[in-house]
Every structure is written in C-alpha cells, then in structure tokens.
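Take a look at the structure below.
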Protein chains: 2
Amino acid sequence: MSDEDEIRAELLGANERFYAAFAGGDLRSMSALWAAHDRLACTHPGRPPSIGRARVLSGWFDILQNPPPVRCIAPVPMIIGAAGMVLCLEQVGQYHLAATNVFEREGRHWRMVHHHAGPVEFAPDPAPEGHSGQVH
Amino acid sequence: MSDEDEIRAELLGANERFYAAFAGGDLRSMSALWAAHDRLACTHPGRPPSIGRARVLSGWFDILQNPPPVRCIAPVPMIIGAAGMVLCLEQVGQYHLAATNVFEREGRHWRMVHHHAGPVEFAPDPAPEGHSGQVH
C-alpha cells in the first residue's frame with residue numbers, strides 16, 4: 001500500500017469511527033474524534049452552521065441522547081494537503097442524506113473539523129452518481 | 001494585516017467571487033474558480049454528491065442557465081493548512097440555505113474544490129448561531 005493509499009485508508013477509518021460513534025450514541029468517542037481546537041463547525045439538516053467546539057459538541061450531545069440508526073454509504077475520500085474530505089450518503093431507515101465530512105491531519109490521526117448533512121429528496125440508486133469508485 | 005489575516009481575506013474574496021459568478025450566471029468565471037484537477041465535488045440541495053470536474057461543472061452549467069438571486073450572508077472562514085473552508089448562509093428571496101464551501105490554496109489563489117448547500121428550515125436571526133464573529 002502506498003503512503004497515499006494509507007493516508008486515504010486512515011481518512012476513511014476516521015469517517016467510519018465517526019459513524020460508529022454517531023449510530024452508537026457514543027459522546028466520548030464523538031468528542032475524541034473532533035480536533036481539540038475551536039476551529040470546528042457543524043451544519044445539521046435544516047439548521048444554520050454551528051461554529052466552535054462548545055456549540056458543535058453541544059449539538060452532538062443532544063443528538064446522541066437518542067441516536068438515529070445511521071449508516072454511511074459509498075464514501076469518497078479526497079485529500080487536500082493536511083485536510084481531508086469524505087463525501088458520502090447517510091441512510092437512516094428509508095431516508096437518505098448527503099454528507100460532507102472534513103478532517104484535519106494531526107500526525108497519523110485524522111480529526112474532524114466539520115460535518116454537514118442535508119436530506120436527499122429521492123432514494124439514490126445502489127451506485128449513485130459519482131460514487132462509482134475512487135477519485136484519481 | 002498579518003499573513004494569516006491576508007490569507008483569510010483572500011479566502012473570503014474567493015468565496016465572494018463564487019457567489020458573484022453564481023448569482024450572475026457566469027459559467028466562465030465559475031469554471032475558473034474551481035481547481036483544474038478532477039478531485040472536485042458538489043452537493044446541491046436535495047441531491048447526492050457529484051464527484052469529478054466534468055460532473056460538477058455540468059451541474060453548474062444547468063444551474064447558471066437560470067441563476068437564482070443568491071446572496072451570501074455571514075461567511076465564516078477557516079484555514080486548515082492548504083485547505084480553506086467558508087461556512088455561510090445563502091439567501092434566495094425569502095429562503096435560506098446553509099453552505100459549506102471548500103477551497104484549496106494554489107500559490108496566492110484559492111480554488112474551489114467542494115460546495116455543499118442545503119435548505120435551512122427557518123429564517124435565521126440577523127446574527128445567527130455561531131456567526132457572531134471570527135473564529136480564533
């Protein structure tokens with residue numbers, strides 16, 4: 001595995017841990033996943049952006065009291081220097097959302113700095129547009 | 001102005017140019033704003049992510065045929081190494097959307113690599129949550 005493949009795999013691993021914490025209602029893991037500084041943001045469906053660590057984690061505290069059975073589908077990783085994004089769909093029962101998850105690389109770890117999710121108006125195909133494979 | 005302030009101002013300038021091209025239906029400017037490579041993504045309201053330059057610009061080609069009177073409100077810039085994000089609200093008539101705009105630094109220029117927008121279910125206050133000022 002090349003360094004680049006490894007970095008991309010680590011990015012996808014961080015994204016998986018995010019959804020495990022989300023679906024599992026695990027606030028401790030969720031808090032550890034996010035970067036320790038204050039330059040964090042989160043845009044939940046139908047809401048304006050929340051900015052700063054306290055607001056972001058307070059939002060997650062509310063959501064994780066009663067976590068939805070969320071599942072990540074077709075994640076596509078993109079590396080931009082020390083930043084990484086994962087574009088994916090989220091399935092919650094019969095509903096789908098489109099998500100943007102942004103991470104920052106700290107040593108060998110990817111820490112989350114932004115999550116944005118919004119509803120998708122139709123059930124996507126099993127191989128939705130643009131999710132056919134890795135981006136080169 | 002410190003280097004950091006200047007870089008942040010340039011990021012906000014790129015974000016402004018994005019909205020000028022968007023509202024002005026200017027496909028040539030829109031195309032030039034996006035990075036030249038293929039690691040681009042765009043998540044329009046209600047849609048799954050589009051991945052790759054051709055798909056992203058094809059989506060803009062459709063939208064810019066009949067551009068909405070979109071206006072960017074309360075942009076908050078965040079720098080992550082060579083990447084930069086702007087979180088903002090978009091106002092289109094009486095509707096609001098929340099947007100995540102991600103840019104990549106190329107020399108002195110910020111080039112767009114991702115745009116994600118989704119509807120906000122209520123009209124935000126003039127000083128919406130988390131938009132009270134700059135992030136430190």
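Overview of values
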item: Count of the stretch B:1-60 residues which are among the acidic types (Asp, Glu) and under 15 Å from the mean Cα position of the chain (by Cα); result: 3
item: Residues that are closer than 20 Å to B:His115 by Cα, touching a residue at least 40 places away in the same chain (Cβ under 8 Å) and charged (D, E, K, R), drawn from the stretch A:91-128; result: A:Glu104
item: The stretch A:52-82, subset among the hydrophobic types (A, V, I, L, M, F, W, C) and within 25 Å of B:Ala35 (Cβ to Cβ), residue surrounded by the fewest Cβ atoms within 10 Å (Cβ to Cβ); result: A:Ala82
item: Residue in the stretch A:2-12 that is over 28 Å from B:Val120 (Cβ atoms), of a type outside the set (A, V, I, L, M) and in contact with a helix residue (DSSP H, G or I) (Cβ under 8 Å, 6 or more places away or on another chain) present; result: no
item: Residue count for the stretch A:14-56, restricted to those that are in contact with a Pro (Cβ under 7 Å, 6 or more places away or on another chain) and of a type in the set (A, V, I, L, M); result: 2
item: Close pairs from the stretch A:48-59: first more than 13 Å from A:Met30 (Cα to Cα), partner of a type in the set (A, V, I, L, M) and in a helix (DSSP H, G or I), Cβ under 8 Å, at least 6 apart; result: A:Ser50/A:Val56
item: Qualifying residue in the stretch B:25-44 (condition: in contact with a Gly (Cβ under 6 Å, 6 or more places away or on another chain), crowded, with 17+ Cβ neighbours inside 10 Å and of a type in the set (Gly, Ala, Ser)); result: no
item: The one condition in (1) within 14 Å of another protein chain (Cβ to nearest Cβ); (2) buried (at least 17 other Cβ atoms within 10 Å of the Cβ); (3) under 25 Å from A:Glu90 (Cβ atoms) that B:Asn15 fails to fulfil; result: (3)
item: The stretch A:19-72, residues that are among the aliphatic types (A, V, I, L, M) and more than 22 Å from B:Ala98 (Cβ to Cβ); result: A:Ala20, A:Ala21, A:Ala23, A:Leu27, A:Ala32, A:Ala36
item: Number of the condition not met by B:Val102 [criteria: (1) modelled with pLDDT of 90 or more; (2) over 18 Å from B:Arg8 (Cα atoms)]; result: (2)
item: Test: B:Cys88 is more than 23 Å from A:Phe103 (Cα to Cα) and under 11 Å from the mean Cα position of the chain (by Cα); result: no
item: Scope the stretch A:19-55; condition under 23 Å from B:Gly118 (Cα atoms) and polar (S, T, N, Q); matching residues; result: A:Thr43, A:Ser50
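Quick grid of which residues meet (1) touching a Phe, Trp or Tyr at 6+ places or on another chain (Cβ under 8 Å); (2) not β-branched (Val, Ile, Thr):
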| position | (1), (2) |
| --- | --- |
| A:Arg28 | no, yes |
| A:Ala41 | no, yes |
| A:Pro45 | no, yes |
| A:Ile73 | no, no |
| A:Gly84 | yes, yes |
| A:Gln91 | no, yes |
| A:Asn101 | yes, yes |
| A:Arg108 | no, yes |
| A:Pro119 | yes, yes |
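The values are calculated or read from the model by the stated rules, or taken from the named source; none is laboratory data. Keep in mind the model is a prediction, meaning the values are calculated, not measured. Don't worry about glycine lacking a Cβ; one is built from the backbone with ideal geometry, like all the others, and counts go over all protein chains shown.
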